[in-house]
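Got a structure for you, questions after.
Since every read-out is calculated from the coordinates, none of them should be taken as a lab result. These numbers come from a predicted model, not from an experiment. Here the Cβ is made from the backbone with ideal geometry for all residues, glycine too, and neighbour counts use every protein chain on show.
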Amino acid sequence: MADSDVKAMTANLDGVEFEETAFTTPVPLNEAKVAIVTSASLHHPEDEDFSPMDTGYRVLKSQPRDYVMGHWSPNFDATGFALDINTVFPIDRLDELAAQGTIGSVADEHLAYAGNQFDLSAIRMDSGPAGAKFLKEQDVDIVILTPV
Amino acid sequence: MSTLAHIFEAEGLATIALGSIKSQIETTAPPRGLWCDFPLGRPLGVPSDSEFQHRVLSKAFELLDSPEPIFAEYDVSIVDDGTEVLACPMPPRHDPDLHPAIDEANGIRPAYERAIAKYGNRVGAGRTVQADEITTAIDAFIRVVDGTPWKEAGIPGIPARVSQDIRGYYETAALALSDHAPSAWAGTRWFLDHTEAGRVVMAARQAMADAGEAQPIWFYMAPGDR
């Protein structure tokens, strides 16, 4: 079992193709509020776990950093996240970049979705736009998206 | 990730999507995509290496300078060749009257607790099966191996989620049993191929497949290439 074997299983899965690529010109990075959105199914322990094929999202507060991996897929290594949350969710790194002035600020709340979805229509039509609205309401400018 | 990138960008958010599988991120073409040839589960590359993680983020943020959609490849690869197995000194058998997997799971409980105390319970037991119930879960899978239909074996949840908790229990314990941070998949290979509980999970999965159970019930009890 090698990482390449697992990747090969999913390499040719059909993804959603968009006829046009939307594009937002960002504000200068040193003025931008940055959020993380991950498909790693992270959540706080007290929040609802992800169910199979869960198309919703969970809000990840910047504190406390007690994130739990709720992903249903067995097809990734979880020990990197067990050792260091930043392997998946680089919140400490963003804090450091904000302290240096490289980025403007770090959002207080971030989002987690469940990857490994075969039917993306609900995310495309519902939870995706809702997540964007949530982030816009906290004046987020830039989102870094991380998978597992 | 790429789908969300398209949606968010249309709503006025600038995005950078990291991707671990090149063909996927190329096909789905997020507005700004950075393919990082890192093992699945480690999109920032190296745990506990802030400098490495910062270099990845720096490259990601560079993509914001492009006036149009852009795809880039990170210039460092981390390749798992499938051979490294975590070296974990296991406690000796304690109770010879117990099934070896049950005795083993009991034996590594102190290591599990040490790892939880140090790192928190990020991937360990608790999604369906609490740490106190891990041996109950293993016992149920032993019954499946011995021929009991899975629905009658007392598996305390959906088999895939239960096996995930057992794997998480072991991989978390391994963080305290080993003297070094595991490379990607080394802990999984150790669990599946070198522990009694891993052998039970794989044997139960095979027994369910051989019994003609629906594939989704047993397939996700282990990585799909197994």
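Would you list the membrane-span-like helices of chain B, meaning whole DSSP H runs whose alpha-carbon atoms span at least 20 Å along their axis and whose mean Kyte-Doolittle value is at least -0.5?
Long hydrophobic helices here: B:159-177, B:196-210.
Let me ask something additional. Placing +1 at every Lys and Arg Cβ and -1 at every Asp and Glu Cβ, with all other atoms neutral, what dipole size does segment B:100-219 have around its Cα centre, in debye to the nearest 20?
400 debye
Roughly what angle does helix A:128-137 make with the longest principal axis of chain A, taking Cα atoms, 0 to 90 degrees, to the nearest 10?
20 degrees
Can you put A:4, B:2, B:163 in order of Cβ neighbours within 10 angstrom, beginning with the fewest?
Values: A:4 16, B:2 26, B:163 29.
Fewest-to-most ranking of A:4, B:2, B:163: A:4, B:2, B:163.
Another one. Lysines within cross-link reach of residue A:136: Cα-Cα under 20 Å, excluding same-chain residues under 8 positions apart?
Partners found: A:33, A:61.
Over segment B:2-73, what lengths in whole Å, largest first, do the semi-axes of the equivalent ellipsoid take, defined as the square roots of 5 times the eigenvalues of the alpha-carbon gyration tensor?
21, 14, 10
What value does the protein assembly as shown have for Rg/Rh, both radii from Cα atoms and Rh as Kirkwood defines it? List each step's numbers first, then the result.
Values: Rg = 20.7 Å, Rh = 21.1 Å.
Across the protein assembly as shown, the Cα-based Rg/Rh ratio is 0.98.
Moving on. Let me check the size of segment A:64-148 from its C-alpha atoms; what are the radius of gyration and Dmax in Å?
14.4, 41
Follow-up. Dipole magnitude of the protein assembly as shown about its Cα centre, charges +1 at Lys/Arg Cβ and -1 at Asp/Glu Cβ only, in debye to the nearest 20?
380 debye
Further question on the same structure: Based on Cβ point charges of +1 for Lys and Arg and -1 for Asp and Glu, what charge dipole magnitude is obtained for chain B about its Cα centre, in debye rounded to the nearest 20?
The calculation lands at about 320 debye.
Per residue of A:134-147, what is the mean number of Cβ atoms on other protein chains within 10 angstrom of that residue's Cβ?
Values: counts 0, 4, 4, 0, 0, 0, 4, 4, 9, 9, 11, 17, 11, 13.
Taking all residues of A:134-147 together, the mean is 6.
Let me make sure I get this right: for chain B, a, b and c are the square roots of the gyration tensor eigenvalues over alpha carbons, sorted descending. Under 1.5 in a/c it's rounded, otherwise prolate if a/b > b/c, else oblate. Which is it?
Values: a/c = 2.64, a/b = 1.80, b/c = 1.46.
Because a/c hits 1.5 or more and a/b exceeds b/c, chain B counts as prolate.
In whole angstrom, how far apart do the alpha carbon centroids of segment A:16-36 and segment B:71-134 sit?
38 Å
What translational diffusion coefficient, to the nearest whole µm²/s, does chain A have by Stokes-Einstein, given a Kirkwood radius computed over alpha-carbon pairs, a temperature of 25 °C and 0.890 mPa s viscosity?
On the way: Rh = 16.5 Å.
Value of D from the Cα-based Kirkwood radius: 149 µm²/s.
Next up: Below 8 Å between Cα atoms, with a sequence gap of 6+, how large is the relative contact order for chain B in percent?
Once divided by the residue count of chain B, the mean separation gives 17 percent.
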